[in-house]
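The values are calculated or read from the model by the stated rules, or taken from the named source; none is laboratory data. Here the structure is a predicted model, which is why all the values come from computation and not from measurement. Methodologically, a virtual Cβ is constructed for each residue, glycine included, from the backbone with ideal geometry; neighbour enumeration extends over all protein chains shown.
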Amino acid sequence: MSFHYQITLNSPQHRRPILLDLTLPVVGQSLPLVILVHGFKGFKDWGAFPSLANYFSEAGFAFAKFNFSHNGTTPAQPSDFVDLEAFGNNNFELELDDLGIVLDKLLNFQLFKVSFVCLIGHSRGGGVALLKAAEDPRVQAVCTWASIADIRMNFDRQDVVEVWKKQGVVYVPNARTNQQMPLYFQLYENTMQNWARFDLEALLPKIKVPILAFHGTEDKAVPLSDAYKIKAAQKNVLLEVIEGADHTFGVKHPLQAEGWPPHFTELANKTLQFFAQLSGSTSRA
């Protein structure tokens, strides 16, 4: 049996809500905490994420997942991109600040005490998790799933940047929903203005906490070479390459069956084992 809580956090400076789910195995005890950081065009209830919360809770962890304030969803529709204006105005500063607000809340949550803080980041969320570990000493371990190694995308292509600046917006397709998702030029401007905070290559060597990075050989969204770049920048990264795995490790949204596909099962098991060993958890891991 697990205890489930849904909390709406207000971001005073960003003026958009952060919807947070927390799953606890018990109330009133000290527990290691795992926070899931979703990726680009992602959300907290994507695919296997709800069942992952139960999986970690059954193993003795508190598990939190949340929607970034500007990921395009709303508290009323947390799994649909109904606020494309917010999506277009998202940036890495907002996401790092959102994650900080989530940490603030959970580390002062009255129903349990946090004994160890772990982050899981998928895709772009992996980059955000690593950046947060570089700047926030409260983070004690990170596991990345198909993480990006550089947040700039096509920022180095001057022709792309010039068109983007002139038009004020570019659109990226969402193959699942058939939506054209806007990215306003503020993303480029904010990234360049805050580059010292976002430069993963420079910041990775400074991260002192354990990092386990997973990547699939058949990832078409983020190339396997990104995983090797992360490893090259931070020699202490443990790299696990999963043969044949795609960007989502076999999971689709909505989840196609009750059980997990083999690649995701391997991913979840090894992530749990990694965090359990570090946190001293006496879970089934």
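Could you check region 176-285 for strands (runs of 3 or more DSSP E) lying wholly inside it with 2 or more residues that are among the small types (Gly, Ala, Ser)? So that I can check it myself, show each step before the final result.
On the way: elements: 179-184, 211-216, 238-242.
By residue number, 211-216.
Take GLY47 and tell me if it is in contact with a Phe, Trp or Tyr (Cβ under 9 Å, 6 or more places away or on another chain) and assigned to a loop (DSSP other than H, G, I, E, B).
Values: in contact with a Phe, Trp or Tyr (Cβ under 9 Å, 6 or more places away or on another chain): yes; assigned to a loop (DSSP other than H, G, I, E, B): yes.
Yes: the conditions hold for GLY47.
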Practice item. Assess whether GLU85 counts as being in a helix (DSSP H, G or I) and surrounded by fewer than 17 Cβ atoms within 10 Å (Cβ to Cβ). Key: yes
Study note, to complete from the structure: Restricting region 247-285 to residues that are at pLDDT 95 or above and of a type in the set (D, E, K, R), the one farthest from VAL117 (Cα to Cα) turns out to be LYS252
Check your understanding: Which numbered condition trips up ARG152, out of (1) within 16 Å of ASP226 (Cα to Cα); (2) charged (D, E, K, R); (3) at pLDDT 95 or above?
Key -> (3)
Practice item. Give region 186-216 a look and list any residue that's over 18 Å from GLY39 (Cα atoms), in contact with a strand residue (DSSP E or B) (Cβ under 6 Å, 6 or more places away or on another chain) and not hydrophobic (A, V, I, L, M, F, W, C), or say none. Key: PRO210
Point to revise | Residues that are of a type in the set (Gly, Ala, Ser) and more than 12 Å from the chain's Cα centre (by Cα), drawn from region 3-47 | key: SER11, GLY28, SER30, GLY47
Review point. Is region 109-118 home to any residue that is in contact with a Cys (Cβ under 8 Å, 6 or more places away or on another chain) and buried (at least 19 other Cβ atoms within 10 Å of the Cβ)?
Key: yes
Review point. Of the residues that sit in region 9-58 and are of a type in the set (S, T, N, Q) and modelled with pLDDT under 95, which one is surrounded by the fewest Cβ atoms within 10 Å (Cβ to Cβ)?
Key: GLN13
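Can you name the residue in region 163-190 that is basic (Lys, Arg) and over 15 Å from PHE87 (Cβ atoms) and, of all such residues, is surrounded by the most Cβ atoms within 10 Å (Cβ to Cβ)? I'd like the intermediate steps shown before the answer.
Applying the first criterion (basic (Lys, Arg)) to region 163-190 yields 165-166, 176.
When the remaining residues are screened for being over 15 Å from PHE87 (Cβ atoms), the result is 165-166.
Values: LYS165: 11, LYS166: 8.
The qualifying residue surrounded by the most Cβ atoms within 10 Å (Cβ to Cβ) is LYS165.
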Point to revise | Residues located in region 19-47, provided they are over 21 Å from ILE101 (Cα atoms) and touching a helix residue (DSSP H, G or I) at 6+ places or on another chain (Cβ under 6 Å) | key: PRO25
Review point. LYS229 fails exactly one of the following numbered conditions: (1) within 21 Å of ALA149 (Cα to Cα); (2) among the charged types (D, E, K, R); (3) without any contact (Cβ under 8 Å) to a residue 60 or more places away in the chain. What is the number of that condition?
Key: (3)
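Can you list the strands (runs of 3 or more DSSP E) lying wholly within region 112-175 that have 1 or more residues being under 19 Å from ASN89 (Cα atoms) and of a type in the set (A, V, I, L, M, F, W, C)?
Details: elements: 113-122, 141-145, 169-174.
Output list reads 169-174.
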